[in-house]
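Have a look at the structure below before the remarks.
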Amino acid sequence: MTRTVLATASAALAQQVYDATRGDLAALPLGPLPQETSALLAATGGEPLDVVVLDAAGAAEHALALAAHLGQECPTIAVVLVSDEWADLARTALTNGVLDIVRPDASVPELELALGRARHVAQLRAHAALTGAPGNDAASNRGRVISVASPKGGVGKTTVSTNLAVGLAKAAPQSVVLVDLDIQFGDVAHALNLTPEYTLVDAVRPAGHDAMVLKTYLTLHETGLYVICGAENPAEADGINAEDVANLLELLAAEFRYVVVDTAPGMSEHTLVAMDHTNDLVMVTSMDVPGVRGLRKELDTLTDLGMFTDARHIVINFADPSRGLSAADVRGTLGTDVDLLLPLSKAVPVSVNQGVPLLQSGGRGPVTKQLRRLVDRFTSSPVAETRTGPRRSWVGAR
Ligand SMILES: Nc1ncnc2c1ncn2[C@@H]1O[C@H](COP(=O)(O)OP(=O)(O)OP(=O)(O)O)[C@@H](O)[C@H]1O
Ligand SMILES: [Mg+2]
């Protein structure tokens, strides 16, 4: 379903945006910006819209007015302006509800990043509008839910979540459950060398909505960790909806001291709902410029939404001095401290291939040491008592 609309007179820009969205785009006929927002809103044939891209070339004021009207009429839509007058426009653009400004000569990857973030913001807004701003369920006996997420794939989420869960289970046997919420392509079972009898699909079935029954669907790992493994194939997972995930996490949090959640890359509906039920968010990214920049945007989004202000843990993976990026560079780009720097190490793929997490096999390697530090963050710190949910309005977004 197309949820991005473009208005531009430039064929070159239209092509770039087309490529960046892989053709999933409703473009108005090439020409000046429409007079009214109705032309933009109608472009998807009445389907809800996530992102509107407005080419402000020669019509900055009109583009800003359209953005402001869109903000009033459909506050969940994220507006991205295309302009080379960034410095002049930035302040006015933000107060007019523009989420981002990209240059007319932005590359396809740059556009992909900007539009991906815009889509993500629109989805967060829509989610917040549907569910209201969730408060924190800090009931004293509720377990601590820790979700591991990242804007991009292949950056080490599963490595971090399986090690964190095993490390916590060593400290608190039988009190930790790991949930593979990478609904379609989860590989927690593989990383832990488990052959589960039941999977997430069974755990969220109606009969599973009872703590006792649910326990029978868990797979016990040799470290004393309970695991809900991902579905065997992507098609099987299709029926799992956001409510299933919410129910499951609450049941688990009522039963376990720690619930660790591995997620799919990006902010899927399942990850968003998991975040609503999460106390601590572990954000993982790779130590390279696109990865760190992507994380910065993600953190800005969370900050703007007031989420996990005191309960986010930043892990930079694949740290390698020879790659020309220092910890100080990363800190500078992120605008905040990094909590954990995981070095690039052959020991990691070896452990994944063997299905034995580093914190299970022990050892003193540098990655193992850092992973232990991550575990300590949770065993030695209090649960975040409050978490402010998403705001309904988006002001000052970067
Ligand atoms: N510090 C590291 N050094 C070397 N290899 C690593 C490191 N961390 C992770 N890897 C390797 O990178 C690959 C991706 O890791 P992992 O599966 O944990 O990422 P992911 O974020 O869960 O990926 P996906 O988004 O596909 O779920 C794996 O092969 C893993 O062994
Ligand atoms: Mg993974």
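The values are calculated or read from the model by the stated rules, or taken from the named source; none is laboratory data. Since the model is a prediction, treat every value here as computed from it, not as a measurement. Note that we place each Cβ from the backbone using ideal geometry, even for glycine, and neighbour counts take in every protein chain shown. Remember, those area values only see protein heavy atoms, side chains included, never the ligands or the DNA or RNA. Shrake-Rupley method; radii C 1.70, N 1.55, O 1.52, S 1.80 Å.
The range 250-317: D in µm²/s via Stokes-Einstein (Kirkwood Rh, Cα pairs, 37 °C, 0.692 mPa s)?
Translational D for this selection: 251 µm²/s.
Dividing the alpha-carbon Rg of the chain by 2.2 N^0.38 Å yields what?
1.03
Rounded to the nearest 5, what % of the DSSP beta bridges within the chain are antiparallel ones?
Taking every DSSP beta bridge within the chain, about 5 percent pair in antiparallel fashion.
Measure off 7 Å from each Cα along the Cα-to-Cβ vector at residue 233 and residue 73, then give the distance between these two points in nanometres to one decimal.
Computed distance between label sites residue 233 and residue 73 equals 4.5 nm.
Once you've got the GNM for the chain with C-alpha springs shorter than 10 Å, pick whichever of 142, 296, 323 has the biggest mean-square fluctuation.
It is 323.
Under the Karplus relation 6.51 cos²θ - 1.76 cosθ + 1.60, θ = phi - 60°, what is the ordered set of whole-Hz ³J(HN,Hα) values for the range 156-166, x standing for Gly and Pro?
Once rounded to whole Hz, the list reads x, 4, 5, 4, 5, 5, 5, 5, 4, 5, 5.
Can you tell me, using C-alpha contacts under 8 Å and at least 6 residues apart, the relative contact order of the range 256-334 as a whole percent?
Relative contact order of the range 256-334: 36 percent.
For the chain, with a Gaussian network of springs between Cα atoms less than 10 Å apart, report the residue from 361, 161, 345 with the top mean-square fluctuation.
361
Ignoring ligands, DNA and RNA, please state the percent of accessible area on the chain from carbon and sulfur, probe 1.4 Å.
Taking all protein chains in place, the chain shows 52 percent carbon and sulfur surface.
Taking K and R as +1 and D and E as -1, what net charge do the other residues with C-beta under 11 Å from the C-beta of residue 92 add up to?
Counting the neighbours of residue 92, the net charge comes to -2.
Count the lysine pairs in the chain whose Cα atoms lie under 17 Å apart, taking only pairs 8 or more positions apart in sequence or on different chains.
4
Rounded to the nearest 20 Debye, what is the dipole magnitude of the range 172-298 about its Cα centre when Lys and Arg each give +1 and Asp and Glu each give -1 at the C-beta?
400 debye
In what order, largest first, do 313, 277, 190 sit by accessible area if the probe radius is 1.4 Å?
Descending order: 190, 277, 313.
When DSSP assigns beta bridges and you keep just the ones with both residues in the range 144-379, what percent turn out antiparallel, to the nearest 5?
5 percent
Add +1 for every Lys or Arg and -1 for every Asp or Glu among the other residues with Cβ under 12 Å from the Cβ of residue 265, and state the total.
Net charge in that neighbourhood comes out at -1.
Please report the accessible area of residue 256 (heavy atoms, 1.4 Å probe, ligands and nucleic acids excluded) in Å², nearest 10.
10 Å²
So between residue 103 and residue 346, what do we pick up on full extension, going 0.36 nm a residue minus the alpha carbon distance?
83.5 nm
GNM on the chain, C-alpha springs below 10 Å: top fluctuator among 373, 22, 312?
Its mean-square fluctuation being the largest, the pick is 22.
So with the 1.4 Å probe, I'd like the accessible area per residue for the range 4-131, rounded to whole Å².
46 Å²
Report the normalised scattering of the range 144-379 as log10 I(q)/I(0) at q = 0.08, 0.09 Å⁻¹, calculated by the Debye formula with identical scatterers on the alpha carbons.
-0.27, -0.34
For residue 9, put the label point 7 Å out on the Cα→Cβ axis and report which residues of the range 20-59 keep their amide N under 16 Å from it.
The answer is 28-36, 54-59, whose backbone nitrogens lie closer than 16 Å to the label point.
Set the Förster radius R0 to 45 Å, insert the Cβ-Cβ distance between residue 42 and residue 337 as r into 1/(1 + (r/R0)^6), and round the FRET efficiency to 0.05.
Result of the calculation: an efficiency of 0.45.
Please tell me the relative contact order of the range 4-131 in percent, rounded to the nearest whole number, where contacts are Cα pairs under 8 Å and at least six residues apart.
After rounding, I find 25 percent.
Count charges around residue 19 for me, please; just the other residues with Cβ under 15 Å from its Cβ, Lys/Arg as +1, Asp/Glu as -1.
-3
What ratio of Cα Rg to 2.2 N^0.38 Å holds for the range 4-131?
Ratio of Rg to 2.2 N^0.38 Å for the range 4-131: 0.95.
Quick one: accessible area per residue over the range 151-205, 1.4 Å probe, rounded to a whole number of Å²?
35 Å²
Mind checking the angle between helix 86-95 and the chain's longest principal axis? C-alpha axes, 0 to 90 degrees, to the nearest 10.
For helix 86-95, the angle is close to 70 degrees.
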